[in-house]
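The values are calculated or read from the model by the stated rules, or taken from the named source; none is laboratory data. Just so it is clear, the structure is predicted and the values come from calculations on it, not from any experiment. Cβ sites come from the backbone with ideal geometry, for glycine too, and all protein chains shown count toward neighbours. Surface accessibility is based on the protein's heavy atoms, side chains included, excluding ligands, DNA and RNA. Shrake-Rupley method; radii C 1.70, N 1.55, O 1.52, S 1.80 Å.
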Amino acid sequence: MPLTLHPNSPVYGLDFQAAYADHCFGLNADVFEKLSDNASAAIGVADASGGVLSIATGATSAADNDGCYLATKGEVIKMDHAFVLKSKFRYSEAGANVANAVAIGCMNNAAVGTILGANGAGPAANFYGAMIYKIDGDTTWKCISSVGTTQQIDDTGVAAASNATADFEIQFEVLPGGAYGRFVFLIDGHVCTKATSNVNEPITHEVALGGVTEMNVLCGGQTGSAAQEVFYLDAIAFAVTT
């Protein structure tokens with residue numbers, strides 16, 4: 001794991017009580033499921049060295065806001081333990097800046113249509129979790145943490161270039177005392193910084209932990225036009241510390 005903003009964080013250098021990693025030779029149907037609303041949406045293995053999953057929103061009767069996500073079958077993580085989520089992810093784009101993509105994230109009660117809102121609205125206004133995402137009309141990756149309706153959103157300024165593969169990571173730790181936690185977001189091994197800052201201020205979100213609940217791990221996205229979008233997942237991993 002790359003050195004993070006917090007080298008003493010519970011997510012750095014400790015054993016995991018539960019972990020899953022897949023370099024995407026195929027879809028593990030015991031762990032993941034497809035969330036979609038177009039009958040022709042599909043998740044399958046694409047031709048690539050080492051294996052890549054294609055996550056396609058559906059080409060038959062494609063419509064604006066069609067979604068397709070890869071999500072864990074169960075809500076397997078919670079903000080009561082430190083955890084890390086990782087992916088190696090890219091997407092193609094049907095038109096200029098129209099794709100809505102979640103490179104990696106977690107969310108309670110994840111369902112297509114609620115992960116990202118229609119017409120570039122972004123993540124749901126009320127959920128528990130965090131994401132690194134890009135929306136219709138935008139060209140950069142953003143980070144969000146959400147505890148119910150209390151949300152923090154920051155633009156990384158990192159270009160969300162179509163067909164560019166990148167490594168994405170979300171780290172979470174419970175702070176001393178247990179009442180608060182902290183999210184840190186990384187792209188290509190570097191802690192994300194705020195695009196609005198001229199001093200490279202790191203994106204770290206401190207969140208209150210009262211009422212937190214279990215969450216699915218997910219990635220994928222949805223269309224921003226009446227044309228199919230395809231997302232490519234080269235690797236995905238998640239783990240929870242003891």
Notebook entry, point to check: In the set Ala125, Ala63, Ala56, Ala99, which member is open to solvent by less than 20 Å² (accessible area, probe 1.4 Å), farther than 18 Å from Gln171 by Cα and either of a type in the set (Lys, Arg) or modelled with pLDDT of 95 or more (or both)?
Noted result: Ala56
Check: Listed residues Thr4, Thr72; which is modelled with pLDDT of 90 or more and open to solvent by less than 40 Å² (accessible area, probe 1.4 Å)?
Finding: Thr72
Next item on the list: Within the range 178-225, work out how many residues are outside any strand (DSSP E or B) and open to solvent by 10 Å² or more (accessible area, probe 1.4 Å).
Entry: 20
Next item on the list: Sort out for me the strands (runs of 3 or more DSSP E) sitting completely within the range 51-126 that have 1 or more residues that are over 19 Å from Asp154 (Cβ atoms) and in contact (Cβ under 8 Å) with a residue 24 or more places away in the chain.
Entry: 52-56, 67-72, 83-91
